[in-house]
Amino acid sequence: MPHPLFDKHRALLDQAQAAITRRTHWSPYAENPRVYGETAMDEGQRAFEAYRDAQFYLDQPGVQGRGGEEVSPYGLALNLSYPCCNPDALIDVAKTAMPSWVRAGIEARTGVCLEILARLNAGSPEMAYALMHTTGQSLGLAFLTGGPQAQARGLEALAWAHREMTQIPEQAEWQRNVSQRLEKRFMVAPIGVSLIIGSATQPTWNAFPALFASLATGNPVIIKPHPTAILPLAIAVAVARLVLKEAGFDANLVTLLVGNPDGPLARDVALNQDIRLIDYAGAPDFGTWLLDAARQARLFVEIGGVNCVLVDSTYDYNALLKNLVLSLCLDSGQLRATPRVIFVSREGVQTPEGLISDGQFGMDLAYALGKFLEDPVRAVEVLGAIQSPATIARIRAACDMAEGVANILRYSSPLDHPKWPEAHVHSPLLIHATADQGRLFMEERFGPIAIVVSTANAAESLALAEATMREKGALNFLVHATRPHVQQLAEDVALREGVALSFNLTGTVLINQPAGFADFHASGANPAASCGMIDAAFVAKRFYFSQVQRHYLPPSSIDWVVDL
């Protein structure tokens, strides 16, 4: 069924569907802030400032009060509150809104989603400040990953959804013989109400694929933000509700669920029998609980894991070190794709300048890290601020665990932010352990914590990496190797364990920055995630094809049936 919003954005959708097939570089939304206007970032800051010391308005049912206790990791007071709605009320209005949304058809739903993305993209500068002061990302990183790149992930999910929904015709005529003739109609039918549980450190990047995959396939969406990062998703919900209302649909197809930070709201809602889809990216304990307890829903869960690095040989040793430093520092290690463990053989690292021992490699990496941190203006733009006090406590606990049993190559210490004196900025902790100290390295320690592990040889490095990724899960595997047999063995490991494999990354191509429309983030083949993001299965599990058929009999056949 044609729809004006679908026609308006059809060209972009066509490009996106071509991009998911080609898997080459494509950026649907501008990643340079200046493209949005010379004063766009200033206007975005003013829009963000207007939220402070105010009440965020959403016209939602079941309001029971107001809540929200966000604190900027940069020390800026927000004093912002949100409506706290009864979850049952949001579920009820979502179910009421769903039938007309489904019957509107694929093109109408897709067109509305494309318009929501266009509005979100126009507000990228405002979103950047909201993300910065809730997640701790630097302003530049917040604009990039939380704005255009997060929107691109939403568009990628939408492109997959439209492709999967249009694989079959809306109607068909089936005929076996003169008396067996059927007219069949097919319609995309939703699974039910979708619950998205927001991430503390990457709220839009993780939520947008789920939002648009569910909404486009006919499922109403309830977004439950992390208590420390509400504003970015509240903005997204407000934009979505406005577009839905303007397009003539019930705004309650997308709602925001905010509750007491210390309450069991997320757990209670996740077990509601009317919640049929759940998306979650975050801490392993809650993700594991969801997988065990929320049996009534289809789950799309990412909990991260221990991403491994193997350093065997290299074409450019200094470039290797610089790339690792940037990967370890990016967003203070608060990304699930951050490398956590670096395996180095005691046989040494082969370089064009000669053999580098495992001990020397550890010291060189610590030195390169120190050189990078010497320029605080540059460093804080990569590090950002620590989002949660729990992460700072985790750094201390890792340091205490390593003291006396391992070599601490570089201690983590607070850093002064040139602009935000109250910002919680910490340098990465770098530990050197041995292969028999699995309790140190076979665990994800979320934050700026990395461990170099000495092994007997490349074979033991590969074996330990494989065992770690199999038991704890992983999103990626970075290998520095110029020797063909090591590369082949690494590919075998990656294939068995379901991780994305990268060889010899240098420069600013970082392992923890997957590219939209090119990289598959997670595979669903190991404990790090229950699904791949984003692929056909990520969207196809959110709907089914409803079938209606009508039997047409010629007069002679009808007479024959009556006579019988």
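Details
- Difference of contour (0.36 nm per residue) and Cα-Cα distance, residue 7 to residue 35: 7.6 nm
- For residue 64 and residue 100, the FRET efficiency from 1/(1 + (r/R0)^6), where r spans their Cβ atoms and R0 equals 25 Å, is about 0.40.
- Distance between modelled label sites at residue 405 and residue 25, nm, 7 Å Cα→Cβ extension: 4.5 nm
- Computed magnitude of the charge dipole of segment 131-276 (debye, nearest 20; Cβ of K, R +1, Cβ of D, E -1): 240 debye
- Here the sum of -39500 (n - 2.57) over DSSP H runs of 4 or more residues, divided by the residues of the chain, equals -13500 deg cm²/dmol at 222 nm, to the nearest 500.
- Cβ crowding within 10 Å, taken as a proxy for footprinting-reagent exposure, orders 355, 76, 440 from fewest neighbours to most as 355, 76, 440.
- Given 419/472; 95/224; 95/472; 8/245; 224/322, the pairs whose alpha carbons are separated by over 28 Å: 419/472; 95/472; 224/322
- Antiparallel bridge percentage (DSSP; both residues within the chain; nearest 5): 40 percent
- Computed from point charges on the beta carbon alone (+1 for Lys and Arg, -1 for Asp and Glu), the dipole magnitude for segment 307-503 about its Cα centre is near 320 Debye.
- Per-residue Cβ neighbour rank within 10 angstrom, fewest leading, 340, 542, 163: 163, 340, 542
- C-alpha center-to-center spacing [segment 63-138, segment 440-494] in angstrom: 38 Å
- 12 Å beta-carbon shell around residue 51, net charge (K/R +1, D/E -1): -2
- Structure-derived Kirkwood radius over Cα pairs in Å - corresponding label in (i) 28.0; (ii) 26.8; (iii) 25.0: (iii)
- Net charge of neighbours whose Cβ lies under 14 Å from the Cβ of residue 534, counting Lys and Arg as +1 and Asp and Glu as -1: -1
- Relative contact order computed over the chain (Cα-Cα under 8 Å; 6+ residues apart), in percent: 18 percent
- Among 179, 429, 55 - extreme Cα towards positive end, dipole of the chain, charges at beta-carbon: 179
- Annotation: the residues 455, 135, 96, 468, sorted from fewest to most other C-beta atoms within 10 Å of their own C-beta, follow the order 96, 455, 468, 135.
- Peptide ranges 265-275, 248-258 listed from the most packed, as the mean C-beta count within 10 angstrom indicates: 248-258, 265-275
- Peptides 383-393, 52-62, 166-176 ordered by average Cβ neighbours within 10 Å, highest first: 383-393, 52-62, 166-176
- Relative to the Cα centre, the charge distribution of the chain, modelled as +1 at Lys and Arg Cβ and -1 at Asp and Glu Cβ, gives a dipole magnitude of about 980 debye.
- Taking amide H as placed 1.01 Å from N in the peptide plane, the amide H of residue 449 sits under 5 Å from that of 429, each at least 5 places away or on another chain.
- The Cα-based radius of gyration of segment 426-517, divided by its Kirkwood radius, gives an Rg/Rh of 0.95.
- DSSP beta bridge pairing in segment 307-503, given as percent antiparallel to the nearest 5: 25 percent
- Interatomic Cα distance distribution for segment 307-503, bins of 10 angstrom, percent: 9, 38, 37, 14, 2, 0
- Modelled this way, with points 7 Å down the Cα-to-C-beta line, the labels at residue 396 and residue 508 are 3.6 nm from one another.
Rule-based calculations on the coordinates, nothing more; no lab input. As the structure is a prediction and not an experimental result, all values here were calculated from the model. Here the Cβ is made from the backbone with ideal geometry for all residues, glycine too, and neighbour counts use every protein chain on show.
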